[in-house]
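Student: Got a structure for you, questions after.
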Amino acid sequence: MREIQQKIDVMILHLGGYWRPLSGLARLLEEVGEVGGAMRKGSAEELKEELLDVLVISTCLANQYAISLQQQEADVREVTKEQLYFQIVEEAGEVARILNAYEGDKKLKPNRQGESLQLHIEQLQRAVISLGEQCNYELFDSLYALIDEKSTRDFGRFDHTPDPITETSVRTYVTYQSGRYWGGINPKPFERFDRYMEREKHIERFLKIAHIEGLDGFVIQQSKDGLLYEDGYEYRIPETFHIVEETYENHQFIVIKPQQ
């Protein structure tokens, strides 16, 4: 699954970049609806295409939250195609509930906070793979072919949207440190750290969801004439986070991390 996630990442960057998470969610729900439409019409080829689209878009959402998915096996229990579709709908709804809490106005209920996005994306993908198995589709073979096709055409098809998983800061940092990290835009010359935090809106998103989703840090790449950061100064971050400075070779980083 790691290879598939990496290939989809390359494909999405080739096409122009990731969508905003709620836009990605809307596309996921659209494709789930089209799976139902294909089943109702009895169109085998259309159903296969829509199942592949659900796999791709759900993997994109996982990538955006730095989730390392586990490859799912088909459900061997005796379930009907309709029951599997109902499960796809249910899990897509759970993904929507969580993303609405992460990115929208909804609050996670206290009894649901232990349920991660990863759990429901994996259960969604398991239902998709199980439905494909019942229809005798070789979904993974077709998925590789689809990714290869999209990665060689349609360059820049999507409008670029800045995303904390594609910033140079995090792409550089994870060559030195493994984990689930987001990254920030480049600081302006001699920019104060508190001003940077106001300008980099993804920090607020990170502080909201890091503990729930298990993100390891928010990375800002430092330069000689970049961010004005004072160690020991009490910046406006919750007490459950701390700021560290790290250096690897000629790269300097400021990382906001959750307290262990």
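Student: Looking at Ala92, is it surrounded by fewer than 21 Cβ atoms within 10 Å (Cβ to Cβ), in contact (Cβ under 8 Å) with a residue 40 or more places away in the chain and small (Gly, Ala, Ser)? If you could, list the steps in order and put the result at the bottom.
Tutor: Numbers: surrounded by fewer than 21 Cβ atoms within 10 Å (Cβ to Cβ): no; in contact (Cβ under 8 Å) with a residue 40 or more places away in the chain: yes; small (Gly, Ala, Ser): yes.
No; evaluated as a whole, the condition is false for this residue.
Student: Ok, one more. On the basis of being crowded, with 21+ Cβ neighbours inside 10 Å and β-branched (Val, Ile, Thr), does Val32 make the cut? Give the derivation first.
Tutor: Working: crowded, with 21+ Cβ neighbours inside 10 Å: yes; β-branched (Val, Ile, Thr): yes.
Yes; evaluated as a whole, the condition is true for this residue.
Student: In the stretch 48-81, how many are part of a helix (DSSP H, G or I), within 24 Å of Leu22 (Cα to Cα) and either touching a residue at least 40 places away in the same chain (Cβ under 8 Å) or touching a Cys at 6+ places or on another chain (Cβ under 9 Å) (or both)?
Tutor: Of the stretch 48-81, the ones part of a helix (DSSP H, G or I) are 48-64, 81.
From what is left, the residues that are within 24 Å of Leu22 (Cα to Cα) are 49-64.
So of that shortlist, the ones also either touching a residue at least 40 places away in the same chain (Cβ under 8 Å) or touching a Cys at 6+ places or on another chain (Cβ under 9 Å) (or both) come out as 51-52, 54-56, 58-64.
Residues flagged as part of a helix (DSSP H, G or I), within 24 Å of Leu22 (Cα to Cα) and either touching a residue at least 40 places away in the same chain (Cβ under 8 Å) or touching a Cys at 6+ places or on another chain (Cβ under 9 Å) (or both) within the stretch 48-81 amount to 12.
Student: Here is a follow-up. Given the conditions (1) in contact with a Phe, Trp or Tyr (Cβ under 7 Å, 6 or more places away or on another chain); (2) surrounded by 13 or more Cβ atoms within 10 Å (Cβ to Cβ), which single one is not true for Tyr176?
Tutor: (2)
Student: Also: Under 9 Å between Cβ atoms, which residue pairs at least 6 apart in sequence (or on different chains) link something in the stretch 245-258 that is buried (at least 17 other Cβ atoms within 10 Å of the Cβ) with a partner that is β-branched (Val, Ile, Thr) and not in a strand (DSSP E or B)?
Tutor: Phe253/Thr172; Ile256/Ile203; Ile256/Ile237; Pro258/Thr240
Student: Taking interchain pairs and intrachain pairs at least six residues apart, which have beta carbon atoms under 9 angstrom, with the first residue in the stretch 7-18 and at pLDDT below 90 and the second assigned to a helix (DSSP H, G or I)?
Tutor: His14/Lys150; Leu15/Lys150
Student: Shifting gears a bit: Return yes or no: is Arg40 over 17 Å from the mean Cα position of the chain (by Cα), of a type in the set (Lys, Arg) and either open to solvent by 30 Å² or more (accessible area, probe 1.4 Å) or under 15 Å from Ala127 (Cα atoms) (or both)? It would help to see each step written out before you state the result.
Tutor: Values: over 17 Å from the mean Cα position of the chain (by Cα): yes; of a type in the set (Lys, Arg): yes; either open to solvent by 30 Å² or more (accessible area, probe 1.4 Å) or under 15 Å from Ala127 (Cα atoms) (or both): yes.
In short, yes.
Student: From the list Gly184, Gly217, Gly179, which one is touching a Lys or Arg at 6+ places or on another chain (Cβ under 8 Å), in contact (Cβ under 8 Å) with a residue 24 or more places away in the chain and closer than 23 Å to Gln64 by Cα? I'd like the intermediate steps shown before the answer.
Tutor: Working: Gly184 fails: touching a Lys or Arg at 6+ places or on another chain (Cβ under 8 Å); Gly179 fails: touching a Lys or Arg at 6+ places or on another chain (Cβ under 8 Å).
After ruling out the rest, the residue left standing is Gly217.
Student: Out of all the residues in the stretch 107-115, is one or more modelled with pLDDT under 95, in a helix (DSSP H, G or I), out of contact with any His (no Cβ under 9 Å at 6 or more places or on another chain) and open to solvent by less than 20 Å² (accessible area, probe 1.4 Å)?
Tutor: From the stretch 107-115, those modelled with pLDDT under 95 are 107-115; that's our starting set.
This time we only want the ones that are in a helix (DSSP H, G or I), so: 110-112.
Keeping just the survivors that are out of contact with any His (no Cβ under 9 Å at 6 or more places or on another chain) gives 110-112.
Subset that is open to solvent by less than 20 Å² (accessible area, probe 1.4 Å): none.
Within the stretch 107-115 (the criterion being modelled with pLDDT under 95, in a helix (DSSP H, G or I), out of contact with any His (no Cβ under 9 Å at 6 or more places or on another chain) and open to solvent by less than 20 Å² (accessible area, probe 1.4 Å)), the answer is no, since none of the residues qualifies.
Student: Could you tell me how many of the residues in the stretch 189-211 are under 17 Å from Pro164 (Cα atoms) and either open to solvent by 30 Å² or more (accessible area, probe 1.4 Å) or in contact (Cβ under 8 Å) with a residue 60 or more places away in the chain (or both)?
Tutor: 11
Student: Assess whether Gly24 counts as being surrounded by 16 or more Cβ atoms within 10 Å (Cβ to Cβ) and either touching a residue at least 24 places away in the same chain (Cβ under 8 Å) or within 23 Å of Ala145 (Cα to Cα) (or both). Walk me through it before giving the result.
Tutor: Numbers: surrounded by 16 or more Cβ atoms within 10 Å (Cβ to Cβ): yes; either touching a residue at least 24 places away in the same chain (Cβ under 8 Å) or within 23 Å of Ala145 (Cα to Cα) (or both): yes.
Considered against the rule, which asks whether it is surrounded by 16 or more Cβ atoms within 10 Å (Cβ to Cβ) and either touching a residue at least 24 places away in the same chain (Cβ under 8 Å) or within 23 Å of Ala145 (Cα to Cα) (or both), Gly24 comes out as yes.
The values are calculated or read from the model by the stated rules, or taken from the named source; none is laboratory data. Nothing here was measured: the structure is a model prediction, and the numbers come from that model. We place every Cβ from the backbone using ideal geometry, glycine too, and count neighbours over all the protein chains shown. For accessibility, only protein heavy atoms count, side chains too; no ligands or nucleic acids. Shrake-Rupley method; radii C 1.70, N 1.55, O 1.52, S 1.80 Å.
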